[in-house]
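Asker: Sharing a structure here in C-alpha cells format.
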Amino acid sequence: MITIKRQGHIAFRVSNLDLSKEFYTSLLGLHVMEENEEEGVVFLGLRDLSHTVDLVQSSDVGASQPHNSMPPVGIGFHHVGFELETQDQMRDAYFQFKERGVNIIATMDHGSQQSIYFNDPDGNILEVYWQRPDAIEMFAKGRGDDDRPLVFE
C-alpha cells in the first residue's frame, strides 16, 4: 500500500489564464506562487501550503461550459471542495458569489456540512463548505445525507 501524506494539488486546464488567476486569487484567496508565461502555467498556493491549484492554459478553449445543476452520476471528475472555518464565512461567500455574478449551482445542507456549489470561469464545479464540529461523530452514527436546500438571507 502507498502511504499518502495528504491530498496535494489539482490542476485545471483553463481557457483564459489571466481570468482564472483573477478568479482564484481575488475571490477564493489563493496566492500566486509561480508563473511560467512561456509554458502557460500558474501555480497557486493556499495560506502556508505550497501549490494547491495549478492553472494550465488550454489549447482547446471551447471545450467546457458552466453547469446549471449538478451533473448526473458518471465517470470522471465531479468537483473540488474548499473548507471554510465558520458558518458566517459560508453566508459571506454566498453573497460575494452573487455580487460577482458567479454561477451558483446549488446550496445544500448535507447534515454534517453546509455547501455551496458553483462554477469557475471554465465551468469546473467547485464547492465551499463549512463542516459541523461533530461531523466525524455524525458519519460514525450514519449521518444520512438528505441534501436539504440551504437558504441565505
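Asker: Running Debye on region 98-153 with equal point scatterers at the Cα sites and no solvent, what base-10 log of I(q)/I(0) appears at q = 0.13, 0.18 Å⁻¹?
Answerer: Listed by q, the Debye log ratios stand at -0.38, -0.66.
Asker: Mind listing the long-range amide H neighbours of V14? Cut-off is under 5 Å, sequence gap 5 or more, other chains count too, H placed in the peptide plane at 1.01 Å from N.
Answerer: Under 5 Å from the amide H of V14 lie the amide H atoms of V56, Q57, S58, each far enough along the sequence or on another chain.
Asker: Highest mean first, how do 123-130, 78-85, 21-28 rank when packing is the count of other Cβ atoms within 10 Å averaged over residues?
Answerer: Taking the mean over residues of other Cβ atoms within 10 Å, the ranking is 123-130, 21-28, 78-85.
Asker: Right, another one. For I105, list long-range residues whose amide hydrogen, built 1.01 Å from N in the peptide plane, is under 5 Å from its own amide hydrogen.
Answerer: Correct list: Y117, F118, N119.
Asker: Sticking with this one: State the answer as a single residue: which of L49, T107, F118 lies farthest towards the positive end of the charge dipole of the chain, with beta carbon charges of +1 for Lys and Arg and -1 for Asp and Glu, about the Cα centre.
Answerer: T107
Asker: In degrees from 0 to 90, rounded to the nearest 10, what is the angle of the helix 87-100 Cα long axis to the longest principal axis of the chain?
Answerer: 40
Asker: Next question, about the same structure. Using θ = phi - 60° and the Karplus curve 6.51 cos²θ - 1.76 cosθ + 1.60, what whole-Hz ³J(HN,Hα) does each residue of region 117-129 get, with Gly and Pro shown as x?
Answerer: Residue by residue, region 117-129 yields 9, 8, 9, 7, x, 9, x, 5, 8, 10, 9, 10, 8 Hz.
Asker: As a test of understanding, state the convex hull volume per residue of the chain from its alpha carbons, in Å³.
Answerer: Given the Cα convex hull of the chain, per-residue volume reads 159 Å³.
Asker: Using Cα positions and a limit of under 22 Å, work out the lysines in reach of K98, with same-chain residues fewer than 8 apart set aside.
Answerer: Once the sequence-local lysines are set aside, what remains near K98 is K21.
Readers should treat all values here as calculations from the given coordinates under stated rules, not as data from a laboratory. Quick caveat: nothing in here was measured; it's all calculated off a predicted structure. Note that each Cβ is placed from the backbone with ideal geometry, even for glycine, and that neighbours are counted across all protein chains shown.
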